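A.B. asks: To start, I am sharing the structure in question, which I have written as structure tokens.
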Amino acid sequence: MTLSLAERQIQNRTRRALRFIGASLVVYVVAGLVAAAALRWLPESRRASEAMFPPVFAVTSALLVAGSVCLHRAVGFVKREKQREFRQSLLAALTLGVLFVGLQAYGLKILFTHQRVAETQTESNAFLTVVSGLHAMHFTVALWWLLWVLIGALDDRYDHEFHWGVSACGWFWHVLGIVWGIVLTVFLIAANFQ
């Protein structure tokens, strides 16, 4: 029995969605393991009375920039039909994104640790923790998008004519990098003028 075109398309979409769900589970389990390892083996920061800048945020910033470069390269590779390099760049960006999420979770844990419950409403550390958490939630969307694009790339969905999804994913990542730069600036201002 042969399947109609519509049935094959539904079957392919279902398979792709199941791969996405499975890969998402793997990505976030690995990110959780990175966070757990960081919590176990990285030193706890000193107690801060006001705003503090977790040193791990410098590392996560570098990871974010490196991932942005990888996505920029991926767009260039797909436009030139260099499929192997394109996929490698996407995989590198995904790896950097997973490390970012894991280490960012460690940094957020440090920020939570430095909250003083009695002064949470007026403390700058509480504001910075909320802003960092919101950025992390948006980065989760970026990581899912990147994973969806990578699965599509492995299915040969992108080429020099059809690469809008890759470009849009890259721009979303770049914008999140700019937003993170603003968050870091606020951190530094708050940490230096307390």
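The numbers here are math on the coordinates, done by the rules we state, and not lab data. Here the structure is a predicted model, which is why all the values come from computation and not from measurement. Cβ sites come from the backbone with ideal geometry, for glycine too, and all protein chains shown count toward neighbours.
A.B. asks: Under a plain spin-label model, where a point goes 7 Å from the Cα along Cα-to-Cβ, how far apart in nm are residue 112 and residue 154?
C.D. replies: 3.1 nm
A.B. asks: Using alpha carbons only, how many degrees (0 to 90, rounded to 10) separate the axis of helix 5-41 from the longest principal axis of the chain?
C.D. replies: Roughly 30 degrees, rounded to the nearest 10.
A.B. asks: Please determine, in degrees from 0 to 90 and to the nearest 10, the orientation of helix 124-154 with respect to the longest principal axis defined by the Cα atoms of the chain, where the helix direction is its Cα long axis.
C.D. replies: Once rounded, one gets 10 degrees.
A.B. asks: Could you compute the longest span of the chain free of chymotrypsin sites (Phe, Trp or Tyr not before Pro) located in DSSP loops and having at most 13 other Cβ atoms within 10 Å, not counting the site residues? Each step should come with its number before you reach the end.
C.D. replies: Details: sites that count: 162, 193.
That would be 1-161.
A.B. asks: In nm, to one decimal, how far is the residue 162 label point from the residue 188 one, both placed 7 Å along Cα→Cβ?
C.D. replies: So the two model labels end up 4.4 nm from each other.
A.B. asks: Which entry in [x] 19.6, 73; [y] 25.4, 100; [z] 20.6, 77 is this structure's computed Rg and Dmax of the Cα atoms in Å?
C.D. replies: So the structure-derived entry is [x].
A.B. asks: Can you tell me the orientation of helix 83-113 relative to the chain, as the angle in degrees between its alpha-carbon axis and the longest Cα principal axis, to the nearest 10?
C.D. replies: Once rounded, the angle reads 30 degrees.
A.B. asks: Could you work out how much longer the chain between residue 39 and residue 79 gets when fully extended? Use 0.36 nm per residue separation minus the Cα distance between them, nm to one decimal. Mind dumping the intermediate values first?
C.D. replies: On the way: separation 40, 0.36 × 40 = 14.40 nm, distance 4.09 nm.
Taking residue 39 through residue 79 to full extension adds about 10.3 nm, to one decimal.
A.B. asks: How would segment 1-101 be classified by its alpha-carbon gyration tensor: rounded, prolate or oblate, with rounded meaning a/c under 1.5 and the a/b versus b/c comparison settling the rest? Display every interim value, and only then the final one.
C.D. replies: Details: a/c = 3.82, a/b = 1.89, b/c = 2.02.
Oblate shape, in that a/c is at least 1.5 and b/c is the bigger or equal ratio.
A.B. asks: May I ask you to compute the full-extension gain from residue 95 to residue 13, defined as 0.36 nm times their residue separation minus their alpha-carbon distance, rounded to one decimal in nm?
C.D. replies: Values: separation 82, 0.36 × 82 = 29.52 nm, distance 2.47 nm.
The span from residue 95 to residue 13 would gain 27.0 nm if fully extended.
A.B. asks: Once the piece of chain linking residue 2 and residue 140 is laid out straight, how much longer is it, given 0.36 nm per residue of separation minus the C-alpha distance between them? Intermediate values should be presented prior to the final figure.
C.D. replies: Details: separation 138, 0.36 × 138 = 49.68 nm, distance 3.96 nm.
Value of the extension gain: 45.7 nm.
A.B. asks: For the chain, which span is the longest to avoid every loop-located (per DSSP) member of trypsin sites (Lys or Arg not before Pro) having at most 15 other Cβ atoms inside 10 Å? Please report the intermediate quantities before stating the final value.
C.D. replies: Values: sites that count: 46, 47, 80, 116, 157.
That gives 1-45 as the longest site-free run.
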